[in-house]
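The values are calculated or read from the model by the stated rules, or taken from the named source; none is laboratory data. Please read all numbers here as calculations on a predicted model, not as lab measurements. Note that we place each Cβ from the backbone using ideal geometry, even for glycine, and neighbour counts take in every protein chain shown. When the accessible area is computed, the model is the full protein with side chains, heavy atoms only, and any ligands, DNA or RNA have been set aside. Shrake-Rupley method; radii C 1.70, N 1.55, O 1.52, S 1.80 Å.
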Amino acid sequence: MPVLAGGIGFGAGGRYAIQLGATAWAPDPAMGVRLLEDWMDQAPRVLPAPVPLDAEHLAIEAEKAEIVTATLAALGCDASSVRAALTFLVDALENAVFIGDADVMVTCWPAAERLLLAGDPAPSASSTFDALLTAVEGRFPSGQRLMQESRSLAAGGRAGAVDVQT
């Protein structure tokens with residue numbers, strides 16, 4: 001069955017859409033309509049199913065609440081906005097592991113930082129990153145590697161990245 005994905009959630013230029021198994025990607029509704037109209041004239045080529053979920057991706061999903069709780073404890077903070085930021089970041093980590101791309105984490109940091117800043121007290125992005133990294137160390141090797149890689153990307157001046165350096 002053809003699948004049309006749309007919007008910025010699929011990365012710049014829709015780069016994750018095909019990896020996730022979509023037949024095509026549209027940046028906006030107008031382009032989506034044009035693609036669907038084209039499909040009425042000529043059926044799209046449907047690609048094989050994406051790579052199945054791996055054990056680490058599924059484990060992060062299953063242990064999300066535990067990871068968030070451990071990170072909150074390390075931060076000594078349980079503000080609802082900080083909990084929301086951490087849940088968002090663990091979702092981003094899960095997606096980064098699924099896709100195999102640290103850029104997912106890098107692009108999520110600005111939104112996470114906005115959530116963190118709404119907290120009282122508001123932990124820094126750096127301390128939050130460190131606490132989350134500690135919570136995944138030794139348990140999720142791909143997640144740990146991707147978080148460290150995202151830190152390197154941020155340190156290298158990746159556009160839109162939050163400075164999560166210690």
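Figures for the structure shown
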quantity	calculated
Evaluation of Cys77 against (1) assigned to a helix (DSSP H, G or I); (2) in contact with a Pro (Cβ under 7 Å, 6 or more places away or on another chain); (3) hydrophobic (A, V, I, L, M, F, W, C) (one fails), failing number	(1)
Residues being modelled with pLDDT under 85 and open to solvent by 70 Å² or more (accessible area, probe 1.4 Å) - total across segment 47-64	5
Any chance Trp25 is aromatic (Phe, Trp, Tyr), closer than 23 Å to Thr107 by Cα and at pLDDT 80 or above	yes
Condition check for Thr166: more than 16 Å from the chain's Cα centre (by Cα) and either buried (at least 21 other Cβ atoms within 10 Å of the Cβ) or at pLDDT 95 or above (or both)	no
Positions within segment 93-151 being in a helix (DSSP H, G or I) and acidic (Asp, Glu), in sequence order	Glu94, Asp103, Glu113, Asp130, Glu149
Flag for Thr69 being without any contact (Cβ under 8 Å) to a residue 24 or more places away in the chain and among the polar types (S, T, N, Q)	yes
Which numbered condition Val46 misses (of (1) free of Cβ contacts under 8 Å to residues at least 60 places away in the same chain; (2) under 30 Å from Thr23 (Cβ atoms); (3) part of a helix (DSSP H, G or I))	(3)
Filter result for Ile67 (buried (at least 16 other Cβ atoms within 10 Å of the Cβ) and in a helix (DSSP H, G or I))	yes
Lone qualifier among Arg34, Arg83 - being of a type in the set (Lys, Arg), closer than 23 Å to Leu132 by Cβ, outside any loop (DSSP other than H, G, I, E, B) and open to solvent by 80 Å² or more (accessible area, probe 1.4 Å)	Arg83
Counted residues, segment 103-131 - those being farther than 24 Å from Ala12 by Cβ and open to solvent by 40 Å² or more (accessible area, probe 1.4 Å)	8
Selection from segment 1-30 of residues that are in a helix (DSSP H, G or I) and either open to solvent by 70 Å² or more (accessible area, probe 1.4 Å) or touching a Phe, Trp or Tyr at 6+ places or on another chain (Cβ under 9 Å) (or both)	Ile8, Gly9, Phe10, Ala12, Gly13, Gly14, Arg15, Tyr16, Ala17, Ile18, Gln19, Pro29
